[in-house]
Amino acid sequence: MSERILKYTEALREATDQVMAQDSSVCVFGLGVTYKNGADGTTGGLKQKYPTRVFDTPVSEHAVTGMAVGSAISGMRPIVHHGRVEFSLLAADQMFTQAAKWNYMFGGNHPVPIVIRIAVGRQWGNGPQHTQSLYGMFGSVSGLKVVIPSSPRMAKGLLIAAVRDPNPVVILEPRWLYALKQHVPEGIYVENLGKAQVVQSGKDITLVSYGDGLVSAREALSIIGEKASVELIDLVSINPVDHETVIASVSKTKRLMVVDTTHASFGIGSEIIAGAAKAGVLSSAPVHLSCPDVPCPTSTALTEDYYPTKVIIATTILKAMGKAPIEQTLSFEELHLAPSITLP
Amino acid sequence: MHATLLKAYKKMFLIRAAEQKIADHYLRNKIMSFVHFYVGQEAVAVGVADSLGKSDKMLGNHRSHGHYLAKGGNMRAMMCELLGKEAGSSRGKGGSMHMIDTSVNFVGSTPILAGVVPLACGVAFEQKFYKRKNITVAFLGDGAFEEGVVYETLNLAGLFRLPLLLVVENNLFSVNSPLTDRRARGHDSKTIVEGFGAKYMRADGNNYRDVVKKASALTRYLRGGSGPAVLECVTYRHMAHSAPIFDESCRAEDAAEVRKAKDSIARLRRELIKSGISEKTIARTEKNIEQGVEKDLAYAIAAPLPKKETLFTDLYV
Ligand SMILES: Cc1ncc(C[n+]2csc(CCOP(=O)(O)OP(=O)(O)O)c2C)c(N)n1
C-alpha cells in the first residue's frame, strides 16, 4: 500500500472533517470557510458535507468569535478560523479576557470548549500588518492552551485533541508551512496538547524550536550531518510550556540553542532559556536565533535577512561546537517562497 | 463642462492604465507584494477626489492605488513601492497595501479592515479642534462596513460633529462572499447611518457624474459642521479580490458582460464624444497617458532596492 501523503492544509481539513463526523456539535465559523478552497484549503468541501454546520461570516471578528465563545459556554464545540493573527486581534477581548478566564473566574466547572485557529507569520509580500506572529502574547495569557503544529501529522493530531479538549485552545498555524507534505495516518488520533516532542536525539547540544523554525532546524540538521550530534526538540505547546522535556535534554547535552521565528524580546526562546537557567543545567551561554526587533517589512530586499535560515542555524550550531561554518547560498525561492518539501 | 469631464476622464484612465500595466507585469514577473486591483471602481475614487480640495485629507484600505492616484499621489513612488524599491513611498517597507503621499494629503492606507475608520475620525478631530475648514474622507468596502468599530465611530463622530466622510465602496463582495451571505434580512445601510444622526447618500459607483454630484453635496454639508456623512457607491470590481486573475465563478449581478456594459470609463468616454470631443483627441490623450505609465513602470523596474541596513531604520522617529 502506498503511503498517504497529505499537505499541512489537507491534514487540517481531514481532522476537521473527522471531528465533525464524530461530534455533531462541532461547527466551523470564519471568513470564506465555505469556499471551494476555504481557509487556504483547510475547510474546502466541508460546507457541502455539513451544510448546516459551516458558516461564512460577516467581516465582524469580535462578534463572530464572541458568538462562538458563547456557544461553547452552552456546550457546543465551535471552531473559529482567523486568516491572519492581526484579524483575530479584533476579537482580543473574547479570546484573552472572556474565553480564557471564564472557567477560573466562576470557580471551575464552567468549560469553554472552543478552538480558535489562527494563521500566523511569514508570507511574501504581506508586510508589517499581515505577518506578525505574536507568539509571546498568546503564550502569556493564562487560561488558554496554545499550540503550534510544525508538520501535517502534528496539525491533524493537535486539531483533533483541541476539539476534544474542554478548554479554549488556540492553534497558531504558521502559514509558511501550509504546503509541507508528510505521511498522515488515515484514522482519528490525537497529539498531546501540552507536551514537547523530541524529534531527534543527540548528545552535544539541545536545539529547541517550533513551527516554521522547527522545519528550518530540521533542514539545518541534514546540512550538518555527522559534524555534530544535536538533540532537536519541537516545543509544540507554548501555553503551557513543557520545561520538563527541555530541561531533561539540556541536563544531558549541557548546551542549549533556541530558534525563534518572532522577535527575540518576549519571544519564546527567552522563556525556554529562562527555564533552563533556573534549573541550573547550562554549562555555557545559551544561543538564541530570532527575528530582529523590528516589524517584518514587505520588500524582499529587506525580508531576506529577517528569518533565521537553515544555513544560519547550521552555522550557528557548528560555531557553538567550535567547528568551521558551512558555506551555502540560498536561492530566491528558498528565501521567499513557502517550502513544499515532504517531511519524513 | 467639457474641460472638467475631460480632466476626470484622464484621471480615471490614468488609474486604469496604471493598474493594467501593473497587472501585466504581475502576471509576467510576479510582484512580491500582495496586490488588490482597483479596476472597475475608478469613478468612485475620482468622483470623490474631485469634490475635495487639496488640503482635504484622505485615507484608504487594502485596495487604495486608485484612491492615492485620484488624490494626486506620486505615480513613480507608488510603482516603486509595489516593487519594493528604495524610492517607494514607504521605502519598500509597506508595499501595495500601504499607500501614502502626505504632500497631497493622502494620509495613509492600511489593510486591517475598518482600521482607518476611527483613524480618519481622529484626523477629522484635529481639523475641527483647530477650526480648519477641511474635511477627511476614508474609503472602506462593504465588507469592512460590517466591523463594529464603524458604528462606534459613527456615534463618536456624530457626538463631536466631526467633518468625516465615509465612502463605502459597495462592490457586492467581500473576497468571494456576496452581500446576501453576510447581511441580515432587512439590513439597510441608510437606516443604520441615519439612526446615528449622520447623513447618508447612495450613488451609482459606475457613473462618475453621479458620484461627483453626491460627493460634492456631502462635502458641502460637512463643511457646514453638522457632523459625519456616509456615501455608499455601488460599483463593480473587475478583477479578482487579490491578484489580476478574473474569477467568474462567484459573480452574479456583475457578470463580465454587465461589467463591460456599465463600465464607468467607457461610459464617460461615450459622453465626452457625444459632447463634441473627437475620438482622435481622446485616443491621443489615452496614448499619452499609457506611455507615461509605461515610463513610470520602467523607472520603477530599474530603480535600486533598499539597502539592507534600512531594515533597522524607521522603528522610531
Ligand atoms: C480585520 C480584517 N479582517 C479580515 C481581513 C481579510 N480581508 C482582506 S480584504 C477582505 C475583503 C474586504 O471586502 P470589502 O471591505 O468589501 O473591500 P473590497 O475588497 O471588496 O474592496 C477581507 C475579508 C482583513 N484584511 N482585515
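Annotation for B:LYS133 and A:ALA274: the two label points, set 7 Å from Cα along the Cα-Cβ direction, are 5.7 nm apart. Compute the acute angle (0 to 90°) between the alpha-carbon long axis of helix A:310-320 and the principal axis of greatest extent of the alpha-carbon atoms of chain A; round to the nearest 10°. Roughly 50 degrees between the two axes. When you restrict to C-alpha pairs under 8 Å that are six or more residues apart and normalise by the size of region A:197-336, the relative contact order lands at 25 percent. Would you look at the GNM of chain B, springs on alpha carbons closer than 10 Å, and say which of B:ALA198, B:ALA87, B:ALA184 moves the most? Answer for the Gaussian network model of chain B: B:ALA184.
I need the shape label for region A:22-72. Rule: rounded when a/c is under 1.5, else prolate if a/b > b/c, else oblate, with a, b, c from the alpha carbon gyration tensor. Could the numbers behind the result be given before it?
On the way: a/c = 2.37, a/b = 1.22, b/c = 1.95.
Since a/c reaches 1.5 but b/c is at least a/b, the shape of region A:22-72 is classed as oblate.
How big is Rg to Rh over region B:1-138, alpha-carbon atoms, Rh as the Kirkwood inverse-mean-distance radius? Mind dumping the intermediate values first?
Values: Rg = 15.0 Å, Rh = 15.3 Å.
Looking at region B:1-138, the ratio lands at 0.98.
Placing unit charges on each Cβ (+1 for Lys and Arg, -1 for Asp and Glu) gives region B:17-168 a dipole about its Cα centre, and among B:PHE129, B:SER33, B:GLY66 the Cα reaching farthest toward its positive end belongs to B:PHE129. Across chain B, Cα-Cα pairs more than 23 Å apart make up 56 percent of the total.
Counting every alpha-carbon pair across region A:197-336, the share separated by more than 21 Å comes to 38%.
Considering only A:MET257, A:MET105, A:MET137, the Gaussian network model of chain A with Cα springs below 10 Å gives its largest mean-square fluctuation to A:MET105. Would you mind telling me which residue in B:TYR26, B:TYR236, B:TYR208 has the biggest mean-square fluctuation in a Gaussian network model of chain B, where springs connect alpha carbons within a distance under 10 angstrom? Looking only at B:TYR26, B:TYR236, B:TYR208, the largest GNM fluctuation is found for B:TYR26.
A full extension of the chain between B:LYS295 and B:GLU309 corresponds to an added length of 2.1 nm, given 0.36 nm per residue minus the alpha carbon distance. Where the only charges are on Cβ atoms (+1 Lys, Arg; -1 Asp, Glu), what is the dipole of region A:5-183 about its Cα centre, to the nearest 20 debye? In total the dipole reaches around 380 debye.
Scanning chain A for chymotrypsin sites (Phe, Trp or Tyr not before Pro) that sit in a DSSP loop and have at most 14 other Cβ atoms within 10 Å, the longest stretch containing none of them is A:190-344.
Here the 3J(HN,Hα) profile of region B:251-263, calculated from phi with Karplus coefficients 6.51, -1.76 and 1.60 at θ = phi - 60°, is 6, 10, 4, 8, 5, 3, 5, 5, 4, 5, 5, 9, 4 Hz, Gly and Pro shown as x. Could you compute the net charge surrounding A:SER270? Neighbours are other residues with a C-beta less than 15 Å from the C-beta of A:SER270; K and R count +1, D and E count -1. Computed value for this residue: -2. Per 5 Å bin from zero, what fraction in whole % of the C-alpha pairs of region B:147-219 is there, up to the bin with the longest pair? Taking every Cα pair in region B:147-219, the percentages come to 3, 13, 21, 24, 20, 15, 4, 0. In terms of its alpha-carbon gyration tensor, region B:85-166 comes out oblate; a/c meets the 1.5 threshold, while b/c is at least as large as a/b.
Of the Cα atoms belonging to chain A, the radius of gyration and Dmax stand at 19.7, 60 Å. For the pair A:ILE188 and B:ARG220, label points projected 7 Å from Cα toward Cβ lie 6.7 nm apart.
On the beta carbon distance between A:SER229 and A:LEU330, with R0 = 35 Å, the FRET formula returns roughly 0.90. For region A:5-183, averaging the sequence separation of C-alpha pairs within contact (under 8 Å, six or more residues apart) and dividing by the residue count gives a relative contact order of 27 percent. Considering only beta bridges that DSSP places wholly inside region A:197-336, some 25 percent are antiparallel.
Dipole of region A:5-183 computed with +1 at Lys/Arg Cβ and -1 at Asp/Glu Cβ about the Cα centre; of A:PRO168, A:HIS183, A:GLY41, farthest Cα towards the positive end is A:HIS183. Here is how the number arises for chain B: DSSP H runs of 4 or more residues each give -39500 (n - 2.57), the sum is divided by the residue count, and the result at 222 nm is -14000 deg cm²/dmol.
Helix A:61-73 axis versus longest C-alpha principal axis of chain A: approximately 70°, rounded to the nearest ten. Each of B:VAL116, B:GLY276, B:VAL104 was placed along the dipole of chain B (beta-carbon charges, centred on the mean Cα), and the one lying farthest toward the positive end is B:GLY276.
For chain A, a crude dipole built from +1 on the beta carbon of Lys and Arg and -1 on the beta carbon of Asp and Glu, taken about the Cα centre, is about 500 debye to the nearest 20. The separation of region B:85-152 from region A:140-154, counted between C-alpha centres, amounts to 35 Å. Shown is the FRET efficiency for B:LYS287 and A:GLU304, computed with R0 = 41 Å from the Cβ-Cβ distance and rounded to the nearest 0.05: 0.55. Computed 3J(HN,Hα) for region A:42-52, one whole-Hz value per residue from the Karplus formula 6.51 cos²θ - 1.76 cosθ + 1.60 where θ = phi - 60°, is 7, 10, x, x, 5, 4, 5, 7, 10, x, 9, glycine and proline marked x.
Which value in Å is the Kirkwood Rh of the protein assembly as shown over different Cα pairs?
Details: mean 1/r = 0.0377 Å⁻¹.
Across the protein assembly as shown, the inverse of the average 1/r is 26.6 Å.
For chain B, with only Lys/Arg (+1) and Asp/Glu (-1) charged at the beta-carbon, what is the dipole magnitude about the Cα centre, in debye rounded to 20?
Roughly 1000 debye for chain B.
What's the extension gain from B:HIS187 to B:THR4 if we count 0.36 nm per residue and subtract their Cα-Cα distance?
On the way: separation 183, 0.36 × 183 = 65.88 nm, distance 3.69 nm.
Result for the pair: 62.2 nm of gain on full extension.
If you take every DSSP beta bridge whose two residues both sit in the protein assembly as shown, what share of them, in percent to the nearest 5, is antiparallel? Walk me through the intermediate numbers first.
Values: 12 of 70 bridges.
Beta bridges within the protein assembly as shown, antiparallel portion: roughly 15 percent.
Considering only alpha-carbon pairs that sit under 8 angstrom and 6 or more positions apart, the relative contact order computed for region B:1-107 is 26 percent. The DSSP beta bridges internal to chain B are antiparallel in roughly 10% of cases. Simple spin-label estimate for A:SER201 and B:GLU194 gives 7.5 nm between the two label positions (7 Å along the Cα-to-Cβ direction from each Cα).
Once you have a ≥ b ≥ c as the square roots of the Cα gyration tensor eigenvalues for region A:10-123, tell me rounded if a/c is under 1.5, and otherwise prolate or oblate according to whether a/b is larger than b/c. List each step's numbers first, then the result.
Working: a/c = 1.98, a/b = 1.32, b/c = 1.50.
Verdict is oblate for region A:10-123.
Laboratory data are not the source of any read-out in this text; all were calculated from the coordinates shown. Only a predicted model underlies this, so the values are computations on that prediction, with no experimental measurement involved. Note: ideal-geometry Cβ built from the backbone for every residue, glycine included; neighbour counts use all protein chains shown.
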